[in-house]
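Single-structure report; data block below.
Nothing in this text is a laboratory measurement; each read-out follows from the coordinates by a stated rule. Just so we're clear, the structure is a prediction, and the values are computed from it rather than from any experiment. Every residue, glycine among them, receives a Cβ derived from its backbone with ideal geometry; neighbour counts consider all protein chains shown.
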């Protein structure tokens, strides 16, 4: 079939989105509107802008369903009654002759078409047949298409085909969050209705998604295993850690006391242990985090810096050297932690760290602090990076300079400052002539500071 790239026929069994896009593209391609129906390929006839051509294509003796079943399914939701009625008869015949093959191939497409005004017919037929075939429904639960897995999950749950352990296993293995949420909610409902099941709870605790593990932690209470919540205070997910702290407190325990023991041995501490401790620590626990700022693990050092920020403990002189840390995560956390104290850092020291010879992560962290200082310092640093060899820094610097302008307020810059005028002359390409004139006027600067400019009033 000779078509351009926008109307190329998808491969048999290809993604549902490609077939929908093909149908849309053919209708929008004006050249097909005037093609002779006798010369038009079958695939284009089925998507033709003229409903009479589409209906005629469905009456052809060619076994269209075996060649183009996806397009027949799309026509079942057609806006022209004769077209969709004919397509539905063709699809109904296919479902009667080969239900498993048709359902397996077309379900991803029918699920999407079901959201259309006329798409309910095919979806309802598929739902009825799949409910009668648990084996095929189970196969669709493992489909590579997330929407199909969600569809199969809902049908499975409505039919009540699985026990609590099977539900927990599906929740733990599922990587699509909405589908995993369906299995997780069903597992919790089954546990609440039928009583605790240790195997199901353990399966949830080992799940892939954070919400699955959080549900497992919550289920520990109903299983009479609340003491195990302490084992999850250092989970990699903040949601799971929060559930674990809640459960520890429900049992009369103190999460802070339990977590305080973890960073006491720097040789065994992990980043998540540091973060979990910081989330329930008090300001008086800051020395424990400060001791980890020299830990050999970069992620542990970064977690310690983040923990100090969480405790609102900012030691500028202690954190300042870490801006040069070889670990990017540490430099990022230092920039966040010192953002509110940026005016206490020497400008020349920060400017030296955005020099081209510095590591990229150091330059970005130092620039963030220079911007936090605002005023001329932020503008000077931004202009310095407008011609930098790092495209990411160039883009960020340009956006920062452009953000200074607002029709409702003056830039955060001193008025009648010669340095500001010189810096603005170096970034005229970022603004229209009108905006630049407005900025200079508000700042009390000559409208034409550069003799080469001709945009003065």
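Worth pointing out:
- Acute angle (nearest 10 degrees) that the helix 81-97 long axis makes with the longest principal axis of the chain, alpha-carbon atoms: 80
- The translational diffusion coefficient of the range 374-457, from Stokes-Einstein at 10 °C and 1.306 mPa s with a Kirkwood hydrodynamic radius over alpha carbon pairs, comes to 122 µm²/s.
- Global dimensions of the range 101-140 from alpha-carbon coordinates: Rg and Dmax equal 9.9, 30 Å.
- Shape call, the range 179-287: gyration tensor on alpha carbons, a/c limit 1.5: prolate
- Rel. contact order, % - alpha carbon contacts under 8 angstrom, at least six apart, the range 374-457: 27
- Histogram of C-alpha separations across the range 323-381, 10 Å bin width, %: 27, 60, 13
- Footprinting exposure proxy for 431, 126 (fewest neighbouring C-beta atoms within 10 Å first): 431, 126
- Considering all different alpha carbon pairs of the range 162-237, the Kirkwood hydrodynamic radius works out to 11.9 Å.
- Fewest-first sequence of 150, 290, 236 by Cβ atoms within 10 Å of each Cβ: 236, 290, 150
- Normalised by the number of residues in the range 87-234, the average gap of Cα pairs under 8 Å and 6 or more apart makes the relative contact order 15 percent.
- Between the Cα long axis of helix 99-113 and the first principal axis of the chain there is an angle of about 50°, rounded to the nearest 10.
- Which of 143, 403 has the fewest Cβ neighbours within 10 Å, and the rest in rising order: 403, 143
- Stretchable slack from residue 341 to residue 294, in nm (0.36 nm times residue separation minus alpha-carbon distance): 14.7 nm
- Between helix 298-310 and the chain: long-axis angle, C-alpha atoms, 0 to 90°, nearest 10: 80
- The mean sequence distance of close C-alpha pairs (under 8 Å, at least 6 residues apart), as a share of the length of the chain, puts its relative contact order at 5 percent.
- (1) 31.9, 84; (2) 24.4, 76; (3) 23.9, 83, with the label sought being that of the calculated Rg and Dmax of the Cα atoms in Å: (1)
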